[in-house]
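A.B. asks: Here you go, one structure.
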Amino acid sequence: MIKIICNFFLLATPVIFSCKSNGDKNKNPVVVFLPQKTSTDSLAKNNTSAFKYDLKNPNHTWKLPSQLVEVSGNTWVDSNHLILIEDLHPDLYYIKIDDKTTTLEKTIPFAQQEKEKVDIEDVTYVNNVVYALWSHGILFKINNWQSKPEVEKIETSLKKENNTEGLCYDPVTQKLLIACKDDAGLPDEKKSEKAVYAFDMSNNKLMDQPFLLIHKKDFEKIANEKISFNPSAIAVHPITHEIYLLSTRDNKGMAVYSRDGVLQSYQTIDKDLMPQPEGICFSPEGKLFISSEGKKGEAGNLFEFDVMK
């Protein structure tokens with residue numbers, strides 16, 4: 001009987017850190033963790049505590065080139081280069097980073113400016129092929145992007161109402177992941193629920209059922225307050241393969257999910273540091289990069305975060 005009671009308290013008492021803030025920017029990051037026992041994914045179990053990022057203290061901050069005021073996505077290319085995109089123009093921005101500056105090495109148009117606003121929301125790099133995402137659920141597959149781009153426009157079953165804002169490559173399934181900021185595309189889901197879908201690059205087909213569902217109640221349960229999470233970017237950690245998601249509408253924060261769809265942690269983002277965080281990617285060794293729009297029409301910023309020691 002004593003053993004049963006002890007087990008009950010171990011399971012029923014998650015470790016919770018309050019998300020209330022008094023405006024002190026020097027405080028430790030507000031991180032909330034769920035009990036690891038809820039995950040059945042062994043990789044997440046073994047590694048989830050090894051990779052934590054202090055989103056209040058980047059180890060590098062770069063001002064982006066002037067073309068990237070409304071920066072909306074980024075992807076890792078190599079140790080010196082990233083590709084970024086911004087909302088209003090269907091262009092790839094190939095930038096070089098060093099210890100102090102970012103340099104725009106090349107601007108690569110990949111689509112005609114249409115009568116309807118082309119709202120380009122995210123980008124990812126897979127085996128020397130670039131994919132860019134329109135908010136209407138349309139993908140642009142860009143081969144030979146560094147010289148003479150060969151572009152294929154791919155329609156998925158996702159639409160304008162879904163407001164597709166997040167795109168990344170998942171090395172585990174070898175598929176793209178597309179995060180919906182608005183309608184989850186499921187008739188029985190609540191309006192507050194959001195969805196991530198997998199896209200099979202081999203046959204240009206979106207999977208019928210969501211890869212991941214985001215439930216508002218999960219955030220309220222661990223943070224002890226109402227949190228609306230609307231995905232603006234997505235990335236898969238290169239080592240743990242956990243799913244990282246940003247939200248910038250209403251509540252600005254980063255959520256981490258295990259491979260089996262369990263919310264592992266949530267951390268708030270300081271809006272003074274990142275007014276509108278909309279891009280996230282990783283280097284192969286696990287450095288985290290977040291891009292955010294600038295303030296008052298200024299160019300956006302790129303932030304690099306190392307793993308907390």
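The values are calculated or read from the model by the stated rules, or taken from the named source; none is laboratory data. None of these values were measured; they are calculated from a predicted model. We place every Cβ from the backbone using ideal geometry, glycine too, and count neighbours over all the protein chains shown.
A.B. asks: Give the residue, chosen from PHE229, PHE282, PHE305, that is under 20 Å from LEU68 (Cα atoms), surrounded by 17 or more Cβ atoms within 10 Å (Cβ to Cβ) and of a type outside the set (Gly, Ala, Ser).
C.D. replies: On the way: PHE229 fails: under 20 Å from LEU68 (Cα atoms); PHE305 fails: under 20 Å from LEU68 (Cα atoms).
Of PHE229, PHE282, PHE305, the one residue that is under 20 Å from LEU68 (Cα atoms), surrounded by 17 or more Cβ atoms within 10 Å (Cβ to Cβ) and of a type outside the set (Gly, Ala, Ser) is PHE282.
A.B. asks: Then there's this: Could you tell me whether ASP122 is surrounded by 15 or more Cβ atoms within 10 Å (Cβ to Cβ), of a type in the set (Asp, Glu) and either modelled with pLDDT under 95 or at positive phi (or both)?
C.D. replies: no
A.B. asks: Could you tell me which numbered condition LYS205 fails, if it satisfies all but one of (1) among the charged types (D, E, K, R); (2) touching a Lys or Arg at 6+ places or on another chain (Cβ under 7 Å); (3) within 23 Å of LYS141 (Cα to Cα)?
C.D. replies: Status for LYS205: all satisfied but (2).
A.B. asks: In addition: If you scan the stretch 222-233, which residues turn out to be in contact (Cβ under 8 Å) with a residue 24 or more places away in the chain and part of a loop (DSSP other than H, G, I, E, B)?
C.D. replies: ASN224, GLU225, ILE227, SER228, PHE229, ASN230
A.B. asks: What is the residue count in the stretch 144-192 for residues that are of a type outside the set (S, T, N, Q) and loosely packed, with under 14 Cβ neighbours inside 10 Å?
C.D. replies: Taking the stretch 144-192 and keeping what is of a type outside the set (S, T, N, Q), we get 145, 148-155, 158-161, 165-172, 175-191.
When the remaining residues are screened for being loosely packed, with under 14 Cβ neighbours inside 10 Å, the result is 148, 150, 152-153, 155, 161, 171-172, 186-188, 190-191.
Of the residues in the stretch 144-192, 13 are of a type outside the set (S, T, N, Q) and loosely packed, with under 14 Cβ neighbours inside 10 Å.
A.B. asks: Return yes when PRO29 is touching a strand residue (DSSP E or B) at 6+ places or on another chain (Cβ under 6 Å), surrounded by 11 or more Cβ atoms within 10 Å (Cβ to Cβ) and at pLDDT 95 or above and no when it is not.
C.D. replies: For PRO29, the condition - touching a strand residue (DSSP E or B) at 6+ places or on another chain (Cβ under 6 Å), surrounded by 11 or more Cβ atoms within 10 Å (Cβ to Cβ) and at pLDDT 95 or above - is not met.
A.B. asks: Within the stretch 75-84, does at least one residue satisfy the condition of being in contact with an Asp or Glu (Cβ under 9 Å, 6 or more places away or on another chain), at pLDDT 95 or above and among the β-branched types (Val, Ile, Thr)?
C.D. replies: Yes, because at least one residue in the stretch 75-84 is in contact with an Asp or Glu (Cβ under 9 Å, 6 or more places away or on another chain), at pLDDT 95 or above and among the β-branched types (Val, Ile, Thr).
A.B. asks: Taking the stretch 285-309 on its own, how many of its residues are modelled with pLDDT of 95 or more and on the phi > 0 side of the Ramachandran plot?
C.D. replies: 1
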